[in-house]
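The values are calculated or read from the model by the stated rules, or taken from the named source; none is laboratory data. Nothing here was measured: the structure is a model prediction, and the numbers come from that model. Cβ placement follows ideal geometry from the backbone for every residue including glycine, while neighbour counts extend to all protein chains displayed.
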Amino acid sequence: MQNQQIQQYNGYAVQSSAHRLPDGSFSSNLLLERIDSARAEGRYWFYSLDYFRSEEQALQHSIQWAHHWVDTRG
């Protein structure tokens, strides 16, 4: 099972996702895409940013992580 959320933040589409691991925890994952770029160099994938007990915690972590990344590097 994998859940995804998509939102926009400072010129990026932020697609957070979480998937359940065999031990029942959830991995937080992220896809960032520059809204003004159709090319692959405007796309950034991040896998297993951290692990959480709930899917909601994993999704929220991905979103917060994305905002920090965009604010500091974007």
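Just a few scattered comments:
- Among the candidates ARG53, ARG20, ARG34, residue that is farther than 16 Å from GLN7 by Cα, over 13 Å from the mean Cα position of the chain (by Cα), surrounded by 12 or more Cβ atoms within 10 Å (Cβ to Cβ) and of a type in the set (Lys, Arg): ARG20
- Remark: pairs (first residue in the stretch 9-33, more than 17 Å from SER54 (Cβ to Cβ); second residue acidic (Asp, Glu) and surrounded by 16 or more Cβ atoms within 10 Å (Cβ to Cβ); Cβ separation under 8 Å; 6+ apart in sequence or on different chains) = TYR12/GLU33; ALA13/GLU33; GLN15/GLU33.
- Pairing residues of the stretch 47-74 that are among the acidic types (Asp, Glu) with residues that are outside any loop (DSSP other than H, G, I, E, B), at Cβ distances under 6 Å and at least 6 apart in sequence or on separate chains, gives ASP50/SER28; ASP50/HIS61; GLU55/ASN3; GLU55/ALA18; GLU55/PHE26.
- Residue under evaluation GLN4, criteria (1) polar (S, T, N, Q); (2) under 23 Å from THR72 (Cβ atoms); (3) modelled with pLDDT under 95; (4) touching a strand residue (DSSP E or B) at 6+ places or on another chain (Cβ under 7 Å), criterion not met: (2)
- Residue identified as loosely packed, with under 12 Cβ neighbours inside 10 Å, modelled with pLDDT of 95 or more and under 15 Å from the mean Cα position of the chain (by Cα) among HIS61, HIS68: HIS68
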